[in-house]
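> Structure below; questions to follow.
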Amino acid sequence: MERWPALDLASTIRHDGAGGVCDDLATVEGLARWLPELPGMPVQGVGASEELRLRITGLRAAVRALFARTVSPGPASPADAHRLMPHEEALARLNAAAALEPVAPQLDWPAEGVPAAATLPSAADPDTRLLAALARATITFLTGPERELLRACTAPRCVRYFVKSHGRQEWCKPSCADRARAARHYRRRVSSSG
């Protein structure tokens, strides 16, 4: 299954399993647990700190606002639908984070092999490099074909966004599908007995 850093960032807000919402980045310890799980991000040398946590959660707020706009006219995630950052502010925050580290693409073409893109290492500190990489990954996601497949999970209590992988998919994972079916069954039983 393909992973997208932008979706991983947005998914740090999730259902807690007890009817509430959990923020995996609510603490510096949570940030430290999350960093090694990031696919393809420059996390080497990054130290979990309160400053970095605040920078990343600020970027996450922008990402979730842009995701909400992407899934519109469908419903946004209920976790933050009532308090989304304004679109212009979300764009400005995302673009500012992406610009924190200048990127100099380089072509690497070994004598025996195929060409590949690389970037020159910058002088940016590891935390800034990570923030900029997360922002650029979000821009790539929102301008790529996955954007058309982005959905907010409609299962009761779920607050995740997901990329639809097949035509009839409505939920982010099987447990959400089970919860949605159980809720639908319960509503039918209550309405037929009343």
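> Which one, LEU94, LEU38, LEU59, has the greatest fluctuation when you compute a Gaussian network model over the chain with C-alpha springs under 10 angstrom?
Result: LEU38 has the largest fluctuation of those listed.
> Let me ask something else about it. List the DSSP H helices in the chain whose Cα atoms stretch 18 Å or more along the helix axis and whose mean Kyte-Doolittle hydropathy is at least -0.5.
Going by DSSP H runs, the hits are 50-71, 126-143.
> To continue, here is another question. Comparing ARG157, ARG83, ARG136, which has the greatest mean-square fluctuation in the GNM of the chain with Cα pairs linked when under 10 Å apart?
Ranking ARG157, ARG83, ARG136 by mean-square fluctuation puts ARG83 first.
> Farthest toward the dipole's positive end in the chain, which of PHE67, ALA32, THR138, given Cβ charges of +1 (Lys, Arg) and -1 (Asp, Glu) about the Cα centre?
PHE67
> With each label point set 7 Å from Cα along the Cα-Cβ vector, what nm distance links VAL114 and GLN44?
For VAL114 paired with GLN44, the spin-label model returns 2.4 nm.
> Measure out, as a whole number of angstrom, how far apart the alpha-carbon centroids of segment 4-67 and segment 157-174 sit.
20 Å
> Next question, about the same structure. For the chain, report the convex hull volume of the alpha-carbon atoms normalised per residue, in Å³, without decimals.
151 Å³
> At 222 nm, what value in deg cm²/dmol follows for the chain if DSSP H runs of at least 4 each add -39500 (n - 2.57) and the sum is divided by all its residues, to the nearest 500?
Here the helix-only value at 222 nm equals -14000 deg cm²/dmol.
> Could you work out which residue, out of THR119, THR128, THR27, moves most in a Gaussian network model of the chain, that is, has the largest mean-square fluctuation with Cα springs under 10 Å?
THR119
> Once you compute Rg and the Kirkwood Rh from C-alpha atoms, what is the Rg to Rh ratio for segment 93-153?
Answer for segment 93-153: 1.09.
> Just grab the label-to-label distance for VAL28 and LEU107, each label 7 Å out from Cα along the Cβ direction, in nm (one decimal).
It is 4.6 nm.
> Compute the length gained on full extension between LEU91 and GLN169: take 0.36 nm times their separation in residues and subtract their Cα-Cα distance, giving the result in nm to one decimal.
Length gained, LEU91 through GLN169: 25.2 nm.
> Further question: Normalised radius of gyration for segment 1-72, please: alpha carbon Rg relative to 2.2 N^0.38 Å, two decimal places.
Expressed relative to 2.2 N^0.38 Å, the Cα Rg reads 1.13.
> Just to make sure I understand: if all protein chains stay in place, what is the order of TRP4, TRP109 by accessible area at 1.4 Å, largest first?
TRP109, TRP4
> OK, next. How much length is gained if the chain between ARG83 and THR57 is pulled fully straight, taking 0.36 nm per residue apart and subtracting their Cα-Cα distance, in nm to one decimal?
Contour length minus Cα-Cα distance gives 7.9 nm.
The values are calculated or read from the model by the stated rules, or taken from the named source; none is laboratory data. Computed from a predicted structure; not experimentally measured. All Cβ positions, even for glycine, are placed from backbone atoms using ideal geometry, and neighbour counts span all protein chains on display. Protein only, heavy atoms only, side chains kept; ligands, DNA and RNA dropped before computing areas. Shrake-Rupley method; radii C 1.70, N 1.55, O 1.52, S 1.80 Å.
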